[in-house]
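Only one structure is covered here, and it is reproduced in the block below.
Read the figures in this text as sums done on the coordinates, not as results from a lab. As the structure is a computational prediction, the values presented were derived from the model and not from experiment. So basically every Cβ, Gly included, is an ideal-geometry build from the backbone, and we count neighbours across all protein chains shown.
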Amino acid sequence: MCFTAAQSENGGVTPTRIKLDRGRGALGPALELVHTGRAPTRAVLTTELGVTRATAGAVATELQALGLITVDPRPHAASGAQGRPSHRLDIAADGPVVLAAQVHADGYRVALVGLGGRIVATAPACMTVDADPARIIGDAVAAGAELLRTTGRRCLGAGLAVPSAVAEPEGTALNPLHVAWPAGAPVHDIFRDCLTEAGVGVPGRCGNDVNLAALAEHRHGAGQGSHHLLCVATGHRGVGGALVLDGRLHTGSAGLALEVGHLIVDPAGRACHCGARGCLDVETDPLALLET
Ligand SMILES: [Zn+2]
């Protein structure tokens, strides 16, 4: 047991340290609960983790010492709530961030995003997307690196959203219909190389833009607290879909599941870039609505 080992090695172990040794495995789950807004107080954290109040207190104190959350030193009663007042928990305002980048048909946007999904800084850019994906991905990563330099924030990882299904695990753009990239462009490898070149030494992952939006909505937005989420979205061009089942993305065998944009809604409709006619993608996307 951790208790015995810690005691025999250190002799004068403090009660807080002993409790934390017991609850060390709860640090990740506890941070996730605060990160997703499901544990606004220490009392809720205790219940959600299923540990003693003392262990939850030690876990919260450790997360605070790591600069990840803040613990209100004075307990407050929740308005209208019954029971004992509890210490409020919040995300540390100056904690670590991730670099989030999105390439779309009209350019890119990058942002630094902290725990709790809070946007720390963002930079948009409007441009024609070159046929070589390395051009715009390189520009986006350079802009993100500049945000990191100006804010001085610690970066833990990077993500790139692209307007195409992305094959797993190859990390290739399967159907980039709204940008001039070749089908099969190795976006994951390009993103990784751009991060290295820009001096952002963190791992990077790529995904389809609507899939990533659905995951974000499930964790922090419209789908919070639900098991499943269906997301149908349109942004700069086209229509995309994504399905979250029990908290996990359903991407199908080839990464093309829920490509709802190419459902045919009018067989006599507009010609679509996929070769068919009357797809949702060209009948309802922003350009189609602007033309009517
Ligand atoms: Zn189509």
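Given 0.36 nm per residue, what is the gain on full extension from Thr292 to Leu256 after removing their alpha carbon distance, in nm? Walk me through the intermediate numbers first.
Numbers: separation 36, 0.36 × 36 = 12.96 nm, distance 2.99 nm.
Working it through step by step, the gained length comes to 10.0 nm.
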- Any idea how far the Cα center of segment 52-130 sits from the one of segment 196-228, in Å? 15
- Note the direction-averaged projected area, equal to a quarter of the hull surface, for the Cα convex hull of segment 226-291, in nm². 5.2
- Query: Tilt of helix 209-220 relative to the longest C-alpha principal axis of the chain, in degrees (0 to 90, nearest 10)?
  - Reply: 30
- Query: Pairing the Cα long axis of helix 53-65 with the longest principal axis of the chain, what angle in degrees results, from 0 to 90 and rounded to the nearest 10?
  - Reply: 60
- Task: Report the antiparallel proportion of the DSSP beta bridges in the chain as a percent, rounded to a multiple of 5.
- Result: 75
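Determine Rg/Rh for segment 153-237; Rg is computed over alpha-carbon atoms and Rh is the Kirkwood hydrodynamic estimate from the same atoms. Could the numbers behind the result be given before it?
Values: Rg = 14.3 Å, Rh = 14.2 Å.
My calculation of the ratio gives 1.01.
What number, in percent, do you get for the relative contact order of the chain if the mean sequence gap of Cα pairs under 8 Å and at least 6 apart is divided by its residue count?
Working: 555 pairs, mean separation 30.5, N = 292.
Answer for the chain is 10 percent.
Sort the following peptides by mean Cβ neighbour count (other Cβ atoms within 10 Å, averaged over residues), highest first: 69-77, 138-146. Please report the intermediate quantities before stating the final value.
Details: 69-77: 13.6, 138-146: 20.8.
Order by mean packing, descending: 138-146, 69-77.
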- Expressed to one decimal in nm², the mean projection of the alpha carbon convex hull of segment 97-212 is 6.3
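What does the C-alpha gyration tensor say about the overall shape of segment 169-292? Classify as rounded when a/c is under 1.5, otherwise prolate if a/b is larger than b/c, or oblate.
Working: a/c = 2.01, a/b = 1.30, b/c = 1.55.
It is oblate, given that a/c is not under 1.5 and a/b is not larger than b/c.
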- Query: Cα gyration tensor of segment 85-142, axes a ≥ b ≥ c as square roots of the eigenvalues: rounded (a/c below 1.5), prolate (a/b > b/c) or oblate?
  - Reply: prolate
- Task: May I ask for the angle, rounded to the nearest 10°, between helix 133-151 and the longest principal axis of the chain, with both axes built from Cα atoms and the value confined to 0 to 90°?
- Result: 30
- Message: Would any residue of segment 242-271 have its amide N under 19 Å from a label point 7 Å out along Cα→Cβ of Arg277? List them or say none.
- Response: 262-271
- In Å, the Kirkwood hydrodynamic radius of the chain over pairs of distinct alpha carbons? 21.6
- Item | Spin-label model distance (nm) - Thr284 vs Arg74, 7 Å beyond Cα toward Cβ | 5.2
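On a full-extension model of 0.36 nm per residue, what is the gain between Ala125 and Leu245, subtracting their alpha-carbon distance, rounded to one decimal in nm? Let's see the in-between values first.
Values: separation 120, 0.36 × 120 = 43.20 nm, distance 3.36 nm.
Length gained between Ala125 and Leu245: 39.8 nm.
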- Task: Tabulate in residue order the Karplus-calculated ³J(HN,Hα) for segment 112-117, using 6.51 cos²θ - 1.76 cosθ + 1.60 with θ = phi - 60°, rounded to whole Hz; enter x for Gly and Pro.
- Result: 9, 10, x, 4, x, x
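Mean residue ellipticity at 222 nm from the helices of the chain, using -39,500 (n - 2.57) per DSSP H segment of n ≥ 4 over the full residue count, to the nearest 500 deg cm²/dmol? Kindly include the intermediate steps, with their values, before the conclusion.
Values: 10 runs with 100 residues, N = 292.
Mean residue ellipticity, 222 nm, calculated: -10000 deg cm²/dmol.
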